[in-house]
Every structure is written in C-alpha cells, then in structure tokens.
1. So which of 232, 165, 174 ends up being modelled with pLDDT of 95 or more and either more than 18 Å from the chain's Cα centre (by Cα) or assigned to a helix (DSSP H, G or I) (or both)?
2. Determine which single condition residue 197 fails, assuming it passes every other condition in (1) in the same structural domain as residue 100 (by TED's automatic domain parsing); (2) buried (at least 18 other Cβ atoms within 10 Å of the Cβ).
3. Does residue 220 meet the test of being modelled with pLDDT under 90, in contact with a helix residue (DSSP H, G or I) (Cβ under 8 Å, 6 or more places away or on another chain), loosely packed, with under 15 Cβ neighbours inside 10 Å and over 27 Å from residue 185 (Cβ atoms)?
4. Consider residue 215 against the criteria (1) assigned to a helix (DSSP H, G or I); (2) free of Cβ contacts under 8 Å to residues at least 40 places away in the same chain: it satisfies all of them except one. Which criterion is unmet?
5. Could you say whether any residue in region 183-197 is touching a helix residue (DSSP H, G or I) at 6+ places or on another chain (Cβ under 9 Å) and over 28 Å from residue 145 (Cβ atoms)?
6. Is it the case, given these coordinates, that residue 154 is more than 17 Å from residue 19 (Cβ to Cβ), touching a helix residue (DSSP H, G or I) at 6+ places or on another chain (Cβ under 7 Å) and not assigned by TED's automatic domain parsing to the domain that holds residue 258?
7. Take region 235-270 and flag every residue that is in a loop (DSSP other than H, G, I, E, B) and at pLDDT below 95.
C-alpha cells in the first residue's frame, strides 16, 4: 500500500499529479521539491503537496514512490543520484516525453535484486504552457498514460506491489494505461506529439517574421490561426531535451512533412490536391 510519495518537480505535471491524487482519494503524505522555490510554494498553496522538501534526495529516501516530474536530462541526472541511495522498498517513476534513454538507464541502474524498481511513464496530457499555477486535478482524465516497462524484469514482491499500486493510482486519476516498447514509444510520439509541436513552432516563428507587426493581424487571424499556433507558446526549456533525446524520430517526421508540403506546393492546381484533402479527411474520421 502506497502511503508516502515524493514529487520531484512541481511544475505543471508534478502539481497536477498531486492534485489528481488528492481528488482520487489518496490520503497519504505527498512531499514536493522544485528547483524554483516559488513553484514549490504554489504547489503547496494549491494543496498538491503537504510539505516542501529541503533535500530532494532525502525526501526520496523517506518515500515509497518517487515521481520525477522534470525535464528529461534532469530526470536522467536524478536517476543516477538516486540509484545508490534507494532499495527494493522504493519505486521511482517519471513523466518524460521520450523513453529510450530513460528506459536504458532504468535497466542499468534499477530493477535488480536489492535495488529500487523503476517504471518509465509518460502521460499524454499537458498544456502549451507550464508551471505550478496551471496545475489541474482533471488534467489526466480521459488521457492515456504510457509505460515502457520491461516485461522480463523480475522484481521483488514488495517492488512489484509498489508498481501495481502506482498503476492503480494512475487509473484512479482518470487515465487509461498502455504499455509500449521504448523505441516504438519514441517513434509514435515523434509523429503524433513532437511533430505537431515543431510544426506549430515553425509556423508561429514564420508568421512573426512575415506578418508579426501587421496591425490587422488580430482581426484577420481567426480560429484556424489560433488553433494552428497554440503550441507555439510552448517553452524551449522543455522541448530542447525532447529534441536532443528523440532526434532521429523528429527529424524523420519533419523530413516526411517537408516532402508532403513540396507535393502540395507543386499540385495547387492539379487533382492531386484533392487526393491530399481526401487522405487528410480519412485520418480525421478515424480519430
């Protein structure tokens, strides 16, 4: 039974997890830590955490479940620091948007006799902006929470019980769970999550360059502009790590899109333009 949780990183996702756990009926203790003291204070005031940890490593040692709600490189750094400190009575999990490097580190540092369990996770939920002030207890309702756990791992009974318990709390927060191979995870999110972000970033940057100073822009730009550029408000600080750790998948999807855009450009006056619209409509109808 999980009674003590440490959330390291009380930004949007970390704060939302704390709020969602409370809304789902979790009555144990939740301690939080954030590199920005202000973010931790906001999470505390919102009721997402019960207390703020002075030392994140000590807080992790004193908890049963440690959630790393941090950028990917910071997650990898904490994985290295925590591994020698924790034992089979601990479970570490994360919310990182890429999983190959995290899963590889988990296999190297965790999930062995006398070591803590590590359950790589990725909730497919978020907002274009981050921060504890945007924490939302309903953020994970109806979302898919992906795991890239190794089915061959033989955990201790206690570690296995913690993994089972955390999966149950993820379900209680309103998420459907899905297990994927780490490489397949990164390939898929490269297409359905990372590509849309980089398209929105490129489009927003282009519009700023070409018409950003046009006084009529707010009047002329309607719903299409708002929807297509919403993700353009996302922070570089988060997407830098994603670009570095999923470079091949993102580059491949961007290259494929470049080819499709060239095809559209070359066929603006041919029936092949209709074929592109029909194919796009088929994809939308299947969603």
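1. 165
2. (1)
3. Values: modelled with pLDDT under 90: yes; in contact with a helix residue (DSSP H, G or I) (Cβ under 8 Å, 6 or more places away or on another chain): no; loosely packed, with under 15 Cβ neighbours inside 10 Å: yes; over 27 Å from residue 185 (Cβ atoms): yes.
So residue 220 does not fit the description; no.
4. (1)
5. Taking every residue of region 183-197 in turn, none turns out to be touching a helix residue (DSSP H, G or I) at 6+ places or on another chain (Cβ under 9 Å) and over 28 Å from residue 145 (Cβ atoms).
6. no
7. Just the residues of region 235-270 that are in a loop (DSSP other than H, G, I, E, B), to begin with: 235, 246, 267-270.
Passing the criteria: only 235.
The values are calculated or read from the model by the stated rules, or taken from the named source; none is laboratory data. On a predicted model such as this, the values are computed, not experimentally measured, just so you know. FYI the Cβ positions are ideal-geometry reconstructions off the backbone, even for glycines, and counts take in every protein chain you see.
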